[in-house]
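Undergrad: I'd like to ask some things about the structure below.
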Amino acid sequence: MKITAKELRTKWLEFYKSKGHVDIGAVSLIGDGSTGVMFNVAGMQPLMPYLLGKSHPAGKRLCNVQGCMRTVDIDSVGDASHFTFFEMMGNWSLGDYFKKEKTAWTFELLTEVFGLDKDKLCVTVFAGNESAPRDEETANLLIGLGIKPEHVYFLPKEDNWWELEGTVGTPCGPDNEWFYPLRADKADPVFPDDYVEIGNDVYMQYKKTETGYEPLGRGNVDTGFGFDRMLLFLNGLDDAYLTDLFTHVLKRLEELSGKHYAEGGEVQRAMRIIADHTRTTVMLIGDRQGVLPSNVGAGYILRRIMRRAIRYCRQLGVSSEAMQDVAKIYIREVYNDSYPLLLEKEDFILEEIKKEAERFEATLTTGMREFEKCLQGIARKNEFMTKQNPAYVPETVIGGKQAFRLFDTFGFPLELTEELAAEHGLTVDTAGFEAAFEEHREKSRVLQKGEAKGGLESRSEMAVKYHTATHLLNAALKVVLSPDCNQKGSNINDERMRFDFNFERAMTPEEVKAVEDLVNAKIREDLPVVFREMSLEEARAEHFVGVFDSKYGETVKTYSIGDFSKEMCGGPHVEHTGVLGHFRIVKEQSSSAGVRRIKAVLE
Ligand code: SER
């Protein structure tokens with residue numbers, strides 16, 4: 001190890017203390033409720049009132065290392081770089097110093113303290129829009145410090161503007177992001193492909209309002225550098241689980257399972273998920289506002305995380321007691337200095353892990369009985385049919401409705417049912433599962449609040465274009481990913497569209513590109529958008545997609561776009577796809593379990 005976790009923590013804090021900052025320590029991982037965000041997702045979150053103008057008892061220059069939780073990427077945990085819990089090294093100016101000092105200090109820290117090569121650093125700054133000007137000032141300061149002018153990139157709001165999504169009244173602003181080649185030894189690395197973001201300096205000068213942004217009347221700085229990411233990267237590693245935060249954990253899992261992390265594949269994935277999810281479990285239960293597993297709110301998220309870890313213990317071939325062993329390593333060796341509260345709460349944390357594992361095992365037992373019934377049903381049917389007709393091809397698929405019942409009533413995640421089915425040479429009708437799930441969701445949605453009108457917030461010309469683009473996207477996803485992908489929701493404003501759909505994993509960059517290309521090809525074909533009213537039966541027969549539910553009434557409104565897309569929908573839409581311009585996917589992320597979210601823009 002070139003630098004250990006403990007050294008990195010100290011170096012960050014010592015550097016900022018030498019620049020007049022006070023270490024304010026970390027606060028609880030649980031959000032304080034003021035923003036409606038359940039967990040702390042960024043080090044700045046607890047400092048919000050002070051960024052808005054309240055005076056902080058520790059002064060105007062602050063720093064810390066803050067634990068954060070982000071569950072949006074939970075489906076990606078298991079790869080080399082995603083976590084649900086991570087720490088953010090931060091420092092702040094509360095209306096004190098601004099761009100000049102901040103650019104100089106980040107530069108000094110990276111090049112002098114951490115020894116990065118200034119000729120390899122790349123930076124991005126805000127390109128400007130109607131809310132805030134192009135950040136020439138920061139760009140010039142960076143060049144003045146020694147960053148190569150050709151390594152300074154001006155990027156739009158999607159890249160270089162930081163705000164806490166889904167909130168109002170919170171501070172935000174343009175940011176300056178820092179990048180370094182992941183493999184520092186690579187000759188002539190190309191930006192951005194060969195680079196990783198190591199952190200950002202946000203110039204928080206604005207406040208989010210219902211409709212846009214207003215100047216705060218003062219300049220704050222909010223710096224965030226990912227601790228776990230930095231540790232990997234300063235050690236020249238390309239797998240975040242190989243840092244000293246995880247060495248002993250992986251070793252223990254290897255001893256218990258007799259398998260090797262270096263084998264890669266499912267073994268490696270399971271070890272990473274157990275390592276990540278157990279760390280998050282320890283941090284949530286051991287937090288000063290400790291959460292316990294339950295069926296609501298933060299407790300439910302914790303339960304999902306714990307059960308996922310237990311399931312992967314099973315897959316790895318170790319008992320759920322492995323989670324307790326791993327938890328002990330975090331509590332006693334890895335986080336003993338920085339989170340002494342964990343040591344005080346050790347017995348409690350271990351006991352709660354044990355109890356949840358027992359509860360899950362109990363559910364598993366009743367669920368297993370139900371699963372056995374499914375197996376017997378299939379066996380009986382096969383036996384009966386074969387007697388009738390010796391040429392009968394035996395059934396090998398567990399029905400979607402049965403899989404949904406196992407999920408809904410017995411808490412079996414779909415992956416668990418699939419895993420068990422495979423042990424008996426069977427598969428699961430996952431499309432049927434999704435359909436049953438959707439039917440269930442739709443019923444509760446209708447019960448709860450009636451239907452929101454096509455997800456449209458406004459009906460401006462731009463919003464109408466975005467609405468048509470959602471139809472193209474929906475159809476393209478079915479072609480590129482799977483015919484079982486269906487829209488689960490959408491939200492449109494004049495600047496972008498958001499689109500949720502069912503899919504079990506993150507899309508690859510190639511898939512994202514293929515979807516973009518297909519949508520753009522259909523835009524270029526300038527296909528006519530045709531509206532027709534017809535009976536529900538006709539719509540069904542003609543394979544229009546949409547939710548077949550009584551709420552549509554006898555006749556339904558349909559829109560087809562050439563032969564490419566056919567959807568039941570209330571409209572309105574553009575008349576020809578050619579007017580949509582160019583379609584670009586800005587982000588693809590997890591929205592909830594099994595549901596992905598795409599953010600896209602028309603340019
Ligand atoms: N708020 C910024 C982030 O989360 C920097 O702290 O990245």
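Throughout, read-outs are computed from the coordinates displayed, never taken from laboratory work. Quick caveat, the model's predicted, so the values are computed rather than measured. Glycine gets a Cβ as well: all are built from the backbone with ideal geometry, and neighbour counts include every protein chain shown.
Undergrad: Over the Cα atoms of the range 473-603, each weighted equally, I'd like the Debye log10 I(q)/I(0) at q = 0.09, 0.12, 0.15, 0.17 Å⁻¹, rounded to two decimals.
TA: Ignoring solvent entirely, the Cα scatterers give -0.26, -0.47, -0.75, -0.96.
Undergrad: Taking 2.2 N^0.38 Å as the expected size of a compact globular protein, what ratio does the Cα radius of gyration of the range 115-158 give against it, to two decimals?
TA: In units of the 2.2 N^0.38 Å rule of thumb, it is 1.22.
Undergrad: State which entries of Lys381/Lys566; Lys2/Lys186; Lys17/Lys100; Lys102/Lys345 exceed 27 angstrom in Cα-Cα distance in the structure shown.
TA: Beyond 27 Å between Cα atoms: Lys381/Lys566; Lys102/Lys345.
Undergrad: Over the chain, what relative contact order in percent results from Cα pairs under 8 Å that are six or more residues apart?
TA: After rounding, I find 9 percent.
Undergrad: At q = 0.21 Å⁻¹, what is the log10 ratio I(q)/I(0) for the range 361-520, with the Debye formula run over Cα points and no solvent?
TA: -1.29
Undergrad: Just the number: Rg to Rh for the range 1-49, Cα atoms, Kirkwood Rh, two decimals.
TA: Over the Cα atoms of the range 1-49, Rg/Rh equals 1.09.
Undergrad: Just in the range 49-100: which trypsin sites (Lys or Arg not before Pro) are loop by DSSP and have at most 13 other Cβ atoms within 10 Å?
TA: Those satisfying the criteria are Lys54.
Undergrad: With a bin width of 5 angstrom, please list the P(r) values of the range 21-125 as percents of all Cα-Cα pairs, from the 0 bin to the one holding the largest distance.
TA: 2, 10, 16, 17, 19, 17, 12, 5, 1
Undergrad: Over the alpha-carbon set of the range 280-425, work out the extent along each principal axis and list the three values in angstrom, largest first.
TA: Its Cα atoms span 71, 29, 18 Å along the three principal axes.
Undergrad: Starting from the Kirkwood radius over alpha-carbon pairs of the range 66-176, derive D by Stokes-Einstein at 20 °C in a medium of 1.002 mPa s and give it in µm² s⁻¹. Don't skip to the answer; put the middle values down first.
TA: Values: Rh = 16.2 Å.
After rounding, the answer is 132 µm²/s.
Undergrad: May I ask you to list the GluC sites (Glu not before Pro) in the range 61-161 that are in a DSSP loop and have at most 16 other Cβ atoms within 10 Å of their Cβ?
TA: On the way: sites: Glu87, Glu101, Glu108, Glu112, Glu130, Glu136, Glu137, Glu150, Glu158; in loops: Glu130.
Within the range 61-161, the qualifying GluC sites (Glu not before Pro) (loop, at most 16 other Cβ atoms within 10 Å) are Glu130.
Undergrad: May I pose another question? Out of all DSSP beta bridges in the chain, what portion is antiparallel? Express it as a percent rounded to 5.
TA: 85
Undergrad: Over the Cα atoms of the chain, what radius of gyration and what Dmax do you get, in Å?
TA: Gyration radius and largest Cα-Cα distance of the chain: 26.3, 86 Å.
Undergrad: Can you pull out the chymotrypsin sites (Phe, Trp or Tyr not before Pro) in the range 554-585 that DSSP calls coil and that have at most 10 other Cβ atoms within 10 Å?
TA: Qualifying residues, ordered by number: none.
Undergrad: What number, rounded to the nearest 500 deg cm²/dmol, is the helix-based mean residue ellipticity at 222 nm of the chain, given -39500 (n - 2.57) per DSSP H run of at least four residues and division by all its residues?
TA: The per-residue figure over the chain is -13000 deg cm²/dmol.
Undergrad: Right, another one. What is the Cα centroid distance between the range 272-337 and the range 556-603, reported in whole angstrom?
TA: 39
Undergrad: Can you tell me how much longer the chain between Glu210 and Tyr300 gets when fully stretched, taken as 0.36 nm per residue apart minus their C-alpha distance, in nm with one decimal?
TA: Residue separation times 0.36 nm, minus the Cα-Cα distance, leaves 29.4 nm.
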